[in-house]
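First up is the structure itself, then whatever we jot down about it.
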Amino acid sequence: MSESLFVSSSTALTLMWQRLKQNPLSFAALCVIVLIATAAIFAPLVAPYAPDATDATAALESPSWRHPLGTDEYGRDQLSRIIFAARVDLVVAFAATLIAVTIGGLLGAILGYSRGWADMVAMRAVDALMAFPAFVLAMGITAGLGNSTTNVAIAISITQIPAYLRLTRGEMLRLREMEYADAARTVGNPTWRIVLIHLLPNCLPPLIVQATLATGFALLTMASLSFIGLGIQPPQSEWGVMAAEGASQIVTGEWWLFLFPGLAIMISVLAFNLVGDGLRDLLDPRMRGVR
Amino acid sequence: MVRAVDSVSFDVAPGETLGLVGESGCGKSTVARCLVRLLDPTGGSIRYAGKEIATLDPHALKPFRRDIQMVFQDPTASLNPRLSVRSMVEEALMLHTKYAPKERRARVEELMHEVGLGRDLLDRYPHELSGGQRQRVNIARAIATNPRFVVLDEPTSALDVSLRSRAILLLENLREHHGLSYLFISHDLATVKYLASRVAVMYLGSIVELSDTRDLFAKPLHPYTRALLAAVPVPDPDAKRDDFALAGEIPSPIDVAPGCRLRGRCPLAKPVCAERPPLKEVAPGRFVACHLASELDA
Amino acid sequence: MTELLNISDLTVHFQINQGAIEAVDHINLTIRRGEVLGLVGESGSGKSVTSFAILRLIRPPGRVVSGNVQFDGVDLGSLTEEEMRRIRGAKIAMVSQSPRTALNPVLTVGKQISRLLMLHAGLSAREAEKRMLEMLRLVRIPAPEKRANQYPHQLSGGMCQRVMIAMALATSPELLLADEPTTGLDVSIAAKILDLLRELSARTGAAIMLVTHDLGVVAEICDRVAVMHAGQVVECAPMRELFHNPAHPYTKALVRSIPRVDRDVVLEPIPGSVPSLVNPPPGCRYAGRCEWVSDRCRVSRPPLVEAAPGHVVACYGFEEHRDAN
C-alpha cells in the first residue's frame with residue numbers, strides 16, 4: 001500500500017499548492033525560490049562566465065554591463081560565482097533538511113506512539129540538545145568531523161533533528177488516540193503499519209511547514225559557518241565564503257563584493273520563511289475548512 | 001482507580017444481536033473496547049468460540065481479528081482522512097487473506113455493492129463523502145474479512161433520521177445474509193428494540209437487567225430500566241406514559257455508595273438495598289439485579 | 001391566542017462558488033404567545049437557518065433575500081443593529097444544541113448569568129446575584145449556591161443545558177428559540193430538560209420555537225408543529241392533528257421511518273435524499289422522493305392550503321390520498 005501513502009500525501013500537497021496561490025506574498029516568495037533553484041541547476045547555461053575564470057585585466061571592477069555585479073581581486077565575475085554558489089547552498093540546505101525531517105520524523109513518530117521509557121529518555125536528550133545554542137553545536141560538529149560539504153550538511157541536520165522529533169512526537173500523541181487509529185488496530189494492523197501508513201501521513205502538514213521554515217535557517221547556518229571559516233572552504237563559490245572574502249574589502253571601498261552575496265543569502269532565507277509562514281497560515285485551522 | 005466496568009457477564013449466541021444499553025458513563029463502550037482488545041480487561045475472561053482471548057498477546061490475537069470486528073460511533077473520526085476508501089476496505093483483506101490483488105479488488109467491489117455504495121466512490125477520500133456514506137464505508141471495512149462477530153458501538157447515533165433507518169436496515173440485512181452476531185451498543189432504546197433479540201441494561205459499570213427484548217420492553221423489571229424506558233419520548237401524543245423517574249443525575253463512578261448502585265436515586269429503595277443485589281435469574285432467560293424484582297413483577 | 005412572531009415570505013440564500021444554496025425558501029410561519037411550536041425536519045431542511053434569520057444572525061456568505069419578521073408588531077428588519085441587540089437575549093433568547101461550547105469557559109456560571117442580568121435588566125450587582133440564584137433554582141439545579149461558583153467544565157452536559165436555559169430565561173424573554181436542546185443528552189436527562197421547558201413556558205408565558213428532528217420530542221411538548229423539507233414548510237398543524245391526520249407525504253414518511261419503543265413497526269426509510277439546494281428544480285422539492293408525484297408537482301410549487309381548520313399542507317396530491325394511510 002505504498003501507493004496510497006504516496007497518493008494521500010500528494011493530495012495534501014495539491015491542496016497546499018492551491019491555497020498558496022491565493023496568498024500573493026508567499027506565492028511570490030515561492031517563485032523566487034524556484035527561480036534561484038532553476039538558475040542553480042542550469043548554472044553553466046545561465047552564468048555569463050565560469051565561476052573560477054580569472055581575468056587579471058578586470059580585477060576589482062565595480063558593477064558594469066560586462067560584469068553586472070562587479071569582479072573580485074582575481075577578476076572572477078561575481079554574478080557567475082553567486083549563481084554557481086546557489087548550487088552548494090541550496091543542495092546543502094535541502095539535504096540537511098531532508099536528513100533531519102526523515103530521522104526526526106521517524107524517531108518522533110515511534111517515540112510518540114510507544115510512549116515508553118525510551119520516549120522519556122529521548123525527550124530529555126532532546127531538551128538538552130535544544131538548550132544548547134544550535135550554531136555553537138554546528139560549529140563543534142563541523143570542527144570535529146572536518147569541513148567537507150557532506151559534513152556541513154550532517155552538522156546542520158543534527159542541530160535540526162530535535163525540532164522535528166518533538167513536533168512529530170506531539171502530533172503522534174494526539175493521533176494515536178484518534179478513533180481511526182483504533183479502527184486500524186481492530187482491523188489487525190501490526191504496529192509498524194499503524195505508525196507508518198495510518199498515522200505518520202497525518203503528521204505531514206505541520207512537518208512540511210516546519211521543514212520549509214527550517215530550510216531557510218539551514219541555509220543561514222551554513223553561510224554563517226562558512227563565513228567564520230568552518231564550513232565550505234575557498235576557493236569554492238559559496239555565499240558565506242564570498243561574503244567573508246568581501247567583508248575584508250569593504251574598508252577599501254569594494255562594497256559590491258560583500259553586498260551581493262549577502263543579499264543572495266537574505267533573499268533566499270526570506271523567501272523560505274515567507275513560504276513557510278504562508279503554509280502555516282493555510283494549515284493552521286488544520287485543513288478542516290475543506291472537508 | 002475507577003472500576004469503569006465491574007463484573008459484567010453476558011454471552012452472545014451465533015447469529016444473535018445482543019443490545020447493550022445504558023447512559024453515558026455506564027461503561028458500555030469500555031465493554032466494547034475490551035471485546036476487540038483495544039483495552040485489556042483488568043480481570044475476567046472473554047471467550048470466543050470456546051477460546052480465551054482476554055489474555056492473548058497481539059500476535060496470537062491476529063487470527064481472531066479476522067473474526068471479531070467493530071464499527072465505531074463517529075463515522076468521520078473512524079476513517080483515516082489520508083487514506084482512500086479503497087485502501088481502507090482493502091486493508092483488512094490484505095492483512096488477513098492470501099487473495100491475489102485482482103481477487104482483492106473484486107472482493108472490495110463486492111463489499112461496496114453489499115453496503116450500497118457505488119464503485120465510483122472507491123477512489124474518494126473521507127472528506128468527499130457524506131455522513132451516511134462514511135458509515136457505510138466503516139461497515140464495509142468491518143465485514144470485509146467475513147467476521148463472525150461484530151461489535152457495533154452506537155453506529156447510528158451520529159446519523160440523521162432518514163439515514164439512520166437505512167443504516168439499521170442495512171445492518172439487519174447483513175446479519176441475516178452472513179449469519180453475523182452483533183453486540184449492538186446504543187443509548188437509543190428504539191433502535192435497540194428494533195435490532196436486538198436480547199438486551200442487557202448497564203448502569204454505572206454493571207448489568208442491572210438482561211432479558212429477551214420483547215419481555216424487557218413489555219415489562220421492565222429493574223427500576224433503572226423502567227425509568228429509562230419511561231424517559232424515551234414517544235412519537236404518539238396519545239401513548240400511555242409511565243411517569244416513573246429517578247431522582248438526580250448519574251453519580252460519578254468514583255464515589256458510588258456500597259450496596260445497590262441505584263439506591264440513592266431509586267424511589268422504591270428499601271433498607272435491604274444497602275446490600276448489593278446480585279444479577280439473578282427471575283424467569284427463564286431473564287436476569288435482574290434488584291432485591292425488589294419479584295415484587296415488581298407481581 | 002395572539003400572534004407573537006410572524007415570519008412572512010422569508011428566503012435565505014448562502015452564496016458558494018457553484019451558485020446560491022437556497023437554504024430557506026419563501027416560508028411563512030407564525031408563533032402565538034405562550035405556545036410551543038415544533039420545527040421538524042431532516043438536517044439540511046433549513047430549521048436552524050430559520051431561527052438564525054429570526055435573530056438576524058445570518059452572516060455572509062448567507063443573505064436574507066426576501067421576507068420580513070414581525071415580532072410583537074415590530075418589523076425586526078427595520079431595527080438598527082443596536083436596537084436588535086437589545087431584543088436578542090432580552091426579548092428573544094436562544095438555547096443551543098451544544099451548551100458547553102455556548103458557555104464561557106473562564107467565567108463561573110453564576111457570573112455569566114448575573115452579568116447578563118446587569119447588562120439587559122440593568123440590575124445592580126447584588127440584585128443580579130440574588131436573581132441569578134433564583135434562576136438556578138427555577139431550572140432545578142441542586143445546591144445553586146455551590147453550582148454558581150463552578151465553571152462550565154465542572155458541570156455535566158445536562159447541568160450545562162440547565163444553565164443555558166436559566167440564562168435564556170433570566171431576562172424574561174417572550175420567545176425562546178431552542179435549537180435541538182436535548183440532542184446529545186442522555187434520555188433521562190433529556191426528558192427532564194423537556195419537562196422543564198414545558199413547565200417554564202407555562203409559568204412565564206414565554207413562547208418556544210423548538211427546532212428538532214425527533215418526533216418523539218414533538219409529541220412530548222409541542223402545541224403546534226411545522227414540518228420543513230429542503231428549506232420549505234410543507235405542513236403545519238396542531239400537534240395532535242399532525243400525528244392523527246398527517247397530510248403531506250413527507251410527514252407520513254417521516255413517521256414511518258423511525259423505530260419506536262411503544263410498538264412494533266416495519267421500518268420504511270424515506271426514499272431518496274434531501275435534494276441539492278443549489279439551483280433546485282422548480283415545483284415541489286419533495287417531488288423526487290414522493291410516491292404520489294404527478295407531472296404538475298414537477299413544474300409548479302404547491303401552495304399551502306387548508307386541509308382542516310388550522311392545518312395547512314403544501315401538496316397537490318393530498319386530497320386524493322386523504323384516507324389512504
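Tabulated results
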item	result
Members of region A:135-183 that are touching an Asp or Glu at 6+ places or on another chain (Cβ under 8 Å) and within 14 Å of another protein chain (Cβ to nearest Cβ)	A:E179
Options A:Q233, A:Q249: the member that is under 19 Å from A:E61 (Cα atoms), of a type outside the set (D, E, K, R) and in contact (Cβ under 8 Å) with a residue 60 or more places away in the chain	A:Q249
Residues of region C:182-198 satisfying the condition of being at the interface with chain B (Cβ under 8 Å from one of its Cβ atoms) and small (G, A, S)	C:S188, C:A190, C:A191
Residue list for region C:253-272, filter: assigned to a loop (DSSP other than H, G, I, E, B) and more than 7 Å from chain B (Cβ to nearest Cβ)	C:R263, C:D264, C:V265, C:V266, C:E268, C:P271, C:G272
Options A:N147, A:N151: the member that is in a loop (DSSP other than H, G, I, E, B) and either surrounded by fewer than 22 Cβ atoms within 10 Å (Cβ to Cβ) or at pLDDT below 90 (or both)	A:N147
Filter result (within 14 Å of chain B (Cβ to nearest Cβ) and either more than 16 Å from the chain's Cα centre (by Cα) or surrounded by fewer than 21 Cβ atoms within 10 Å (Cβ to Cβ) (or both)) within region C:164-181	C:E180
Hits in region C:1-21 (condition: at pLDDT below 90 and of a type outside the set (V, I, T))	C:M1, C:E3, C:Q15, C:N17, C:Q18, C:G19, C:A20
Test: C:V233 is outside any loop (DSSP other than H, G, I, E, B) and more than 10 Å from every other protein chain (Cβ to nearest Cβ)	yes
Top-ranked residue in region B:96-121 [being touching a residue at least 40 places away in the same chain (Cβ under 8 Å) and out of contact with any Leu (no Cβ under 9 Å at 6 or more places or on another chain); ranked as farthest from B:P63 (Cα to Cα)]	B:T97
Residue match in region A:241-248 (condition: within 30 Å of A:G170 (Cβ to Cβ) and out of contact with any strand residue (DSSP E or B) (no Cβ under 7 Å at 6 or more places or on another chain))	no
Evaluation of B:L93 against (1) out of contact with any Ser or Thr (no Cβ under 7 Å at 6 or more places or on another chain); (2) in contact (Cβ under 8 Å) with a residue 24 or more places away in the chain; (3) not β-branched (V, I, T) (one fails), failing number	(1)
Tally, over region A:187-222, of residues that are crowded, with 24+ Cβ neighbours inside 10 Å and either within 8 Å of another protein chain (Cβ to nearest Cβ) or not in a helix (DSSP H, G or I) (or both)	2
Residue identified as surrounded by 19 or more Cβ atoms within 10 Å (Cβ to Cβ), closer than 30 Å to C:M239 by Cβ and not hydrophobic (A, V, I, L, M, F, W, C) among B:T225, B:T213	B:T225
Out of A:V101, A:V152, A:V136, sole residue that is under 25 Å from A:A86 (Cα atoms), aliphatic (A, V, I, L, M) and touching a Gly at 6+ places or on another chain (Cβ under 9 Å)	A:V152
Flag for B:A167 being assigned to a helix (DSSP H, G or I), farther than 21 Å from C:G44 by Cβ and of a type in the set (G, A, S)	no
Matching option when the condition is more than 25 Å from C:Y286 (Cα to Cα) and part of a strand (DSSP E or B), among C:L29, C:L37, C:L10, C:L4	C:L4
Tally, over region B:171-198, of residues that are assigned to a helix (DSSP H, G or I) and within 10 Å of chain C (Cβ to nearest Cβ)	8
Candidates A:L79, A:L107, A:L90, A:L69 - the one that is farther than 22 Å from A:S268 by Cα and surrounded by 14 or more Cβ atoms within 10 Å (Cβ to Cβ)	A:L107
Qualifying positions in region B:231-267 - in contact (Cβ under 8 Å) with a residue 24 or more places away in the chain, assigned to a loop (DSSP other than H, G, I, E, B) and surrounded by 16 or more Cβ atoms within 10 Å (Cβ to Cβ)	B:V232, B:I250, B:V256, B:C260, B:R261, B:L262, B:C266
Condition check for B:S29: touching an Asp or Glu at 6+ places or on another chain (Cβ under 7 Å), at pLDDT 85 or above and more than 8 Å from every other protein chain (Cβ to nearest Cβ)	yes
Residue in region A:46-96 that is modelled with the highest pLDDT, counting only those that are within 21 Å of A:Q236 (Cβ to Cβ) and hydroxyl-bearing (S, T, Y)	A:S80
Qualifying helices (runs of 4 or more DSSP H) (wholly inside region B:72-157; at least 3 residues being under 26 Å from the mean Cα position of the chain (by Cα), more than 10 Å from chain A (Cβ to nearest Cβ) and not β-branched (V, I, T))	B:101-114, B:131-143
Hits in region C:184-225 - residues which are of a type outside the set (D, E, K, R) and out of contact with any helix residue (DSSP H, G or I) (no Cβ under 9 Å at 6 or more places or on another chain)	C:A202, C:G205
Residue in region C:304-325 that is surrounded by 19 or more Cβ atoms within 10 Å (Cβ to Cβ) and of a type in the set (F, W, Y) present	yes
Single match in A:R280, A:R286 (criterion: in a loop (DSSP other than H, G, I, E, B), at pLDDT below 85, surrounded by fewer than 21 Cβ atoms within 10 Å (Cβ to Cβ) and not aliphatic (A, V, I, L, M))	A:R286
Members of region B:229-241 that are at pLDDT 85 or above and either under 17 Å from B:V192 (Cα atoms) or more than 7 Å from chain C (Cβ to nearest Cβ) (or both)	B:L229, B:A230, B:A231, B:V232, B:P233, B:V234, B:P235, B:D238
Residue under evaluation C:T101, criteria (1) exposed (fewer than 13 other Cβ atoms within 10 Å of the Cβ); (2) not in a helix (DSSP H, G or I), criterion not met	(2)
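Conditions (1) touching a residue at least 40 places away in the same chain (Cβ under 8 Å); (2) assigned by TED's automatic domain parsing to the domain that holds B:L111; (3) of a type outside the set (D, E, K, R); (4) touching a helix residue (DSSP H, G or I) at 6+ places or on another chain (Cβ under 8 Å), marked per residue:
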residue	(1), (2), (3), (4)
B:D153	yes, yes, no, yes
B:A167	no, yes, yes, yes
B:L170	yes, yes, yes, yes
B:L180	yes, yes, yes, yes
B:L189	yes, yes, yes, yes
B:G205	yes, no, yes, yes
B:E209	yes, no, no, yes
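The values are calculated or read from the model by the stated rules, or taken from the named source; none is laboratory data. What you are looking at is a predicted structure, and each value in this text was computed from that prediction instead of being measured. Positions of Cβ are backbone-derived with ideal geometry, glycine not excepted, and every protein chain shown enters the neighbour counts.
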